[in-house]
Structure formats: C-alpha cells, structure tokens
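Notes to accompany the following structure.
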Amino acid sequence: MTSTRPAIPTKTLGFIVNPVAGMGGAVGLKGTDGKEILQQALKLGAKPIAAQRADTFLTELLTAKEHLQLVVGAGEMGESEATKLGYKCRVIGQAKAETTSEDTQAIARRILEVGVDLLVYCGGDGTTRDIQKPIDRKAPVLGVPTGVKMHSALFAISPQAAARVTIQYLWGHLPVREAEVMDIDEDAFRKKNKVVARLYGYLQVPYEKSLVQPIKIGSSTTMDEKSNQEAIAEYIVERMEDDCYYILCPGTTVKAIADKLGFKKTLLGVDIVKKRRMIVMDVNEEKLLKLIEGEKAKIVVSPIGGQGFIFGRGNQQISPQVIKKVGIDNIIILATENKLHSIGPGKPLLVDTGDDEINKQLSGYKRVVTGYNKEVIWKVSA
C-alpha cells in the first residue's frame, strides 16, 4: 500500500505597499504623512525604500509561492513587486504615479470584500492607521516594517520575519491577538516640538513572540530613572575625546548627555557633538556622511523601550553607509536598567537596517552602558 501526503491547501494573501513609506527617515524627517511632507522629503533627496522591503518579504515567501493566490494593490502598491517574482495575482484598483492614504484605504476595503486569509502591508504607523479604518478587526493583518516611526504592535521585526510569520500562520498554528494601532502626531511635533502618541484602535495580528514586535514603551519619568540616565550621561561625557565626533541618536537616555553638556537636544533627531559642544542639530544622512568623512566618529544610541531596536526604527539617518564609515566598534549602546527590564530578560536588542551584511556585523554580544562605570553584555540580533 502506498501512502500519499495530503495536498497543501492554497491560501489567499492580501498585499498592499505604501510606495512612499519610510522616505522621510534618511533625510531627517519624522515621517511622510501628507503631500507637503512628501514633497519636502523629495526635495531633500529622499529615495523610495518600500519596493526593496516588499521585494525582501516576497522573496522570503517564494517557498510557498505555488500555494498562494495574492490579491494586490495596482502598480507600485503591490502589483509590481509581486508580478516581478512570478506570483499569481488578482489586482485591485488602477496604477497611479502618485498614491494617497485614500488609495490605501480603498484597496484594503476591496481586499476585505474579496476575502483573504491574511492581509500583509508594507508601511509605517500612518499606513497602519489607513489599514485600520476599513479593516478594523474583520481580518488578520501583519505589517512589514517600512516606515520611519513604528510604534504600533502590528509589525514583524523585519521583512524576513514577516515572511516567516505569514507561512507559520497560513499553514501552521500561530494564534491571533489584538494589537494596538499607535501613532505620533507629526503636526504637533513639527509645530510645537511635542511628542504625543495616541492609541487609534486595534487590529488582529498573527503572533509569534520572537518575530512580532510589541508597542513602543515610553521611558519612565521616575526619579530613579532620571538618576540612572544622569549617571550614564556623566560617565559618557567624562570619556569624550576631543578629536572625535559624537553622533547622538534620538531617545531620552541619549538626551541626558546633551543636558549634561548644557545643550537642548532634538527630540526625534540626530545631533552632533565635538569637544563637548553641539556642532549641528537634526542632521540627515547626507549631512552626516559629509561631516564625518575622514574623521573619527562614534555613534551613541539607546534601544527603544519595550521593542529593543537600536537601529532601523526612528533613526534611519544612521544608515548602513553611516555605520560603515563610523565602524561597528565605534558604536556606544546605552540603556537604563528599567529600559532593559522593559525589553525583557533574555530578549535580544534588535537591528533592522535594511542591509543584511551590516545586520550580521551588528549581531552578537555587545557591551551596554547601564550606569556610571557599569556595563552589561547583551545579545544583539537581526
């Protein structure tokens, strides 16, 4: 008697790409929500990154291609990357040279009407909000991290991880949970210099703890936390070398260094210090590369609370090219004890730079400054 393996069932996957997601990151903007900000990003030389992230996700998914039917947005909103890789596609909408949040919402609505087992989108928090409006909790969704800011708990930790979650959910036994849709108010930040995060609702997401990120957790405002930040800042400032540029990444722990030096730090930006003086504030990738050309430089970075990312979330000015110029050994990681606790014992710090080689070089066990003359060894993973 011969036995036959059961046939692998075909699944239907919705797929939407926001072509402009993430373009503001390297040029120092805090997002690309709205036409005016997109135009500003383009004037600053912003380059699209969504297609590359979509390609990485779909390439990792190729092992399941024969068992997938994709329902995709037209043109650059999903169709282009999917057809290039040979996926069977049903196309929703008409291809456009310029796309809007309304296009994302309309395509998501149509995909919901068609019926899919899972909807995957490439974007950031703004795109997540656009998806949430028509989808609500009527179908499971998963984000391929493509934006500048990604506070929401809908994103896989990388495009590769998104493919793994997709396969495990469609043909495995991953549970679905409700996850928060979060976003900062970009307008409030630009006009009032205030970082205000809001909860916009919930979506259902396939969940695997090591592959799907939690929401961003803000830093504690307790006296113990402040004292810990000040101790770290004092330790770093005392050891600053006069012939070195210090690239200060976003975050309250890094901000304590600027406070110690008597300067006001850009809240969500990257600032440069030399000889304990603020040289330039809120630099983008291009200015940063020019400034450190042929110079000694160090990157000072702190992980995102709750999520653990040190690169690839909210600090895309620190591009793979910048990291290559500075050198892996010239990266200083700071974290208060409370922040490491929020990430979780045994959980690694994360990197998602978009460059596989740089991600590999950043991975491994790294020193993390946790106080005055205090360090721990912590795992970093892509």
Sequence-distant residues sharing a close amide H with Val181 (under 5 Å, placed H): Tyr200, Gly201, Tyr202, Leu203
Extension reserve of the Glu98-Ser227 stretch, reckoned as 0.36 nm per residue once the Cα distance is removed: 41.6 nm
Full-stretch length increase - Arg177, Glu234 - with 0.36 nm per residue and alpha-carbon distance subtracted: 16.3 nm
Selected from Asn284, Ile304, Gly262, residue furthest toward positive end of dipole (the range 223-381; charges at beta carbon): Gly262
Gyration tensor verdict on the range 235-378 (Cα atoms; rounded if a/c is under 1.5, prolate if a/b is larger than b/c, oblate otherwise): oblate
Segments 161-167, 12-18 sorted - mean Cβ within 10 Å per residue, highest first: 12-18, 161-167
Most positive-pole-ward Cα, Val237, Gly75, Ala51, against dipole of the chain from beta carbon charges: Val237
Label of the coordinate-derived value, Cα extents along the principal axes in Å, listed as [x] 72, 53, 39; [y] 65, 40, 40; [z] 76, 48, 44: [x]
Selection from Thr353, Ile247, Thr336, by position along the positive dipole direction of the range 223-381 (Cβ): Thr336
Subset of Lys88/Lys366; Lys84/Lys325; Lys287/Lys366 violating a 32 Å alpha-carbon distance limit: Lys88/Lys366; Lys84/Lys325
Cβ-derived FRET efficiency at R0 35 Å, Asp356 paired with Lys275, nearest 0.05: 0.45
Highest-MSF residue in the chain out of Asp183, Asp259, Asp125 [GNM, Cα springs under 10 Å]: Asp259
Highest-MSF residue in the chain out of Gly126, Gly327, Gly314 [GNM, Cα springs under 10 Å]: Gly327
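Where a number appears in this text, it was derived from the coordinates with a stated rule and is not lab data. Everything numeric here is computed off the predicted structure, so don't read it as measured data. A quick note on method: Cβ atoms are made from the backbone with ideal geometry, for glycine too, and the neighbour counts reach across all protein chains shown.
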